[in-house]
1. Check whether at least one residue in the stretch 549-565 is within 25 Å of Gly319 (Cα to Cα), modelled with pLDDT of 95 or more, open to solvent by 60 Å² or more (accessible area, probe 1.4 Å) and not in a loop (DSSP other than H, G, I, E, B), and report yes or no.
2. Can you name the helices (runs of 4 or more DSSP H) wholly within the stretch 191-310 that have at least 1 residues being of a type in the set (Asp, Glu), crowded, with 18+ Cβ neighbours inside 10 Å and in contact (Cβ under 8 Å) with a residue 40 or more places away in the chain?
3. Only one of (1) closer than 30 Å to Val28 by Cα; (2) in contact with a strand residue (DSSP E or B) (Cβ under 8 Å, 6 or more places away or on another chain) fails for Leu426. Which number is that?
4. In this structure, is Phe342 over 22 Å from Leu62 (Cβ atoms) and of a type in the set (Phe, Trp, Tyr)?
5. Assess whether Gly412 counts as being of a type in the set (Gly, Ala, Ser), open to solvent by 10 Å² or more (accessible area, probe 1.4 Å) and modelled with pLDDT of 95 or more.
6. Does Gln572 count as over 27 Å from the mean Cα position of the chain (by Cα) and either touching a residue at least 40 places away in the same chain (Cβ under 8 Å) or open to solvent by less than 20 Å² (accessible area, probe 1.4 Å) (or both)?
7. Taking Leu12, is it open to solvent by 50 Å² or more (accessible area, probe 1.4 Å), under 23 Å from Leu426 (Cβ atoms) and not in a loop (DSSP other than H, G, I, E, B)?
8. Has the stretch 136-153 got any residue that is touching a strand residue (DSSP E or B) at 6+ places or on another chain (Cβ under 7 Å), open to solvent by less than 30 Å² (accessible area, probe 1.4 Å) and outside any helix (DSSP H, G or I)?
Amino acid sequence: MNADGTGRLAELAGIVPRYRDLTGRVHVTSPETRAALLAAMGLDGATPHDIERPPGSLPEWLVLAPGAPARLPLPAVWRIEREDGGALSGRGEALPPLPAGIHVLHAGGQETTLLVAPPRAPAPPRAWGMTLPIWGLTGPDGPGLGDFAALGRAAAGLAGQGAAFLGINPVHAGFPTDPALHSPYSPSHRRRLNILHVPTPEHPGVATGRLVDYAAEIPAKRAALRRAHAAFRAGGDRAAFAAWRAAQGPALERFIHHQAPSERFGPYWTDWPAAARDPATAPPAPDDETDFHAWAQWRAETALAAAQAGAKAAGMAIGLYLDLAVGTHPAGAETWAERDVFAGGVSLGAPPDAFSPSGQTWCLAPFNPRALVARHFRPLAETLRAQLRFAGLVRIDHILGFDRAFWVPQDGTPGAYVAMPRAAMLAVLRIEAARAGAAVVGEDLGNVPAGLREALAESGILGCRILQFEERRARFADPRDWPPLSLAAFGTHDLPGFEGWRRGADIALRRSLGHLGPARARAARAARMRRVRALAAAAGGDRVDDMHRLLARAGSLLVALQGGDVLGQCAQDNLPGTVDEYPNWRHRLPVSADGLGTDARVARAARIMQQERR
């Protein structure tokens with residue numbers, strides 16, 4: 001053990017002793033950081049003896065193949081609790097074939113999670129689709145926020161143009177009592193849906209212009225939902241709702257018993273009265289309040305399922321392409337209900353890089369790997385299942401966190417990496433993807449750990465190829481050489497779209513906000529113009545159609561066109577590092593959901609895809 005007494009314990013807990021950032025600088029994890037991360041795992045005051053498994057112990061988890069027998073050095077008698085509730089007992093080292101799923105083996109006073117997983121996730125067809133912000137689907141001057149009904153209409157229109165999928169931002173449950181926190185990547189609960197996207201056609205909201213005004217739209221939507229719920233209580237199908245609610249079990253009840261007091265005490269449980277902060281001591285919420293929040297989730301699930309069914313019926317081979325946020329807000333419904341599953345006092349983030357010399361802190365609570373193991377990885381499985389059940393394709397935001405997660409202590413201590421049980425987490429992902437019949441894209445950008453991309457490919461998980469990042473020495477890589485197991489796109493929601501990139505609008509914006517000094521801005525502008533010329537040389541032109549032709553030729557199985565590029569928008573959805581300085585997550589599309597399928601620009605992009613993707 002190191003002189004500070006935490007070295008061996010930190011090693012056993014998976015705290016990475018040193019790492020190299022994207023600039024090449026090596027960072028050594030300090031004793032102070034080790035102590036902070038151990039405390040976040042609940043290991044402050046622990047010793048190596050407390051967590052080290054004795055020699056000869058069974059492993060904490062094993063990955064097995066479905067339907068295949070296995071042999072383990074087991075005590076004489078063992079028992080397996082199957083995921084479906086059944087049980088098996090036996091003697092000796094031979095285990096019977098098991099179906100795909102998460103099962104638990106008990107033997108000799110020990111417990112092992114058996115992750116019976118197919119070798120690969122389902123593969124998508126070679127296809128193209130489009131990504132759009134759901135909040136902007138009302139068009140440039142329409143009232144309200146885009147909802148799941150509009151999503152279904154947009155998907156049907158794009159299907160008519162030959163698109164195989166429609167991708168959107170995360171639609172996890174958010175903070176409807178706090179319009180200031182509207183980022184889809186800072187959810188309150190990733191296993192529940194954002195009720196602001198529930199269709200309320202009788203009361204669509206208020207018209208707020210080309211930028212969504214959440215301070216006006218959210219109260220209008222909440223009032224419309226309350227009126228719709230009152231009408232439902234007066235004469236709706238209570239039997240169907242009651243059956244759905246009963247099937248959801250305790251998980252839904254915990255969620256709605258968080259949502260109800262948030263209306264009274266505020267959105268963040270960390271600010272609530274002491275008794276209400278703990279689910280075990282929180283006073284019961286009024287029945288009419290819990291009924292409303294349960295009903296709203298029922299409506300959200302029904303509408304999102306209808307959007308996926310409509311997309312498939314209209315001819316989309318894949319349908320909806322949903323996005324799973326990398327973490328959850330530390331003061332939201334998910335951490336209130338299952339505090340022990342998450343590390344406390346730390347946030348997910350990223351180490352220093354050229355864009356963020358001081359690193360990044362995302363204000364998101366990470367899964368505690370020790371809790372995942374103790375809970376047999378079920379929190380992860382349930383989180384994945386909540387997205388996969390409504391989609392034909394799911395994106396895992398920052399899948400680097402399946403290998404190692406960067407934790408930043410809230411006390412200002414420098415952050416460090418924590419190793420995650422990668423093989424187990426990928427096995428869970430394969431189990432859930434296979435059950436849903438859905439393909440998976442892993443966002444593998446940034447400081448990628450060695451071996452992760454190979455492990456993703458072995459599991460059949462697609463990586464990302466972002467055209468903006470594919471320039472080397474003033475030449476762009478030929479997209480035809482990109483690996484089939486990838487999704488190709490020009491950019492992401494955190495990057496400028498094609499027009500903004502071509503004009504250097506993002507550089508000018510950062511200069512105006514003081515993020516770049518004059519010299520750095522001039523250098524960035526010069527470098528950008530070189531890249532623009534290089535892309536034009538590779539694409540045979542400097543227009544969006546030329547870029548789309550180049551992208552369409554990618555060897556990637558999937559190509560995702562960004563709606564803003566197709567429709568000629570210049571602004572990007574999100575400018576990282578800003579909160580109020582830039583209108584993040586607020587730009588409406590220049591056409592409504594109903595107009596996408598007949599828009600000439602969409603039709604032109606579709607023709608390019610159909611011609612070049614052959």
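The values are calculated or read from the model by the stated rules, or taken from the named source; none is laboratory data. Since we're looking at a predicted model, the values are computed, not measured. Note that each Cβ is placed from the backbone with ideal geometry, even for glycine, and that neighbours are counted across all protein chains shown. Only protein heavy atoms, including side chains, enter the accessible area calculation; ligands, DNA and RNA are left aside. Shrake-Rupley method; radii C 1.70, N 1.55, O 1.52, S 1.80 Å.
1. The answer is yes, given that some residue of the stretch 549-565 is within 25 Å of Gly319 (Cα to Cα), modelled with pLDDT of 95 or more, open to solvent by 60 Å² or more (accessible area, probe 1.4 Å) and not in a loop (DSSP other than H, G, I, E, B).
2. Helices (runs of 4 or more DSSP H) meeting the threshold: 214-235.
3. Result: Leu426 fails condition (2) only.
4. Yes; evaluated as a whole, the condition is true for this residue.
5. Working: of a type in the set (Gly, Ala, Ser): yes; open to solvent by 10 Å² or more (accessible area, probe 1.4 Å): yes; modelled with pLDDT of 95 or more: no.
Considered against the rule, which asks whether it is of a type in the set (Gly, Ala, Ser), open to solvent by 10 Å² or more (accessible area, probe 1.4 Å) and modelled with pLDDT of 95 or more, Gly412 comes out as no.
6. no
7. It is true that Leu12 is open to solvent by 50 Å² or more (accessible area, probe 1.4 Å), under 23 Å from Leu426 (Cβ atoms) and not in a loop (DSSP other than H, G, I, E, B).
8. Checked against the condition, which is being touching a strand residue (DSSP E or B) at 6+ places or on another chain (Cβ under 7 Å), open to solvent by less than 30 Å² (accessible area, probe 1.4 Å) and outside any helix (DSSP H, G or I), the stretch 136-153 yields at least one hit.
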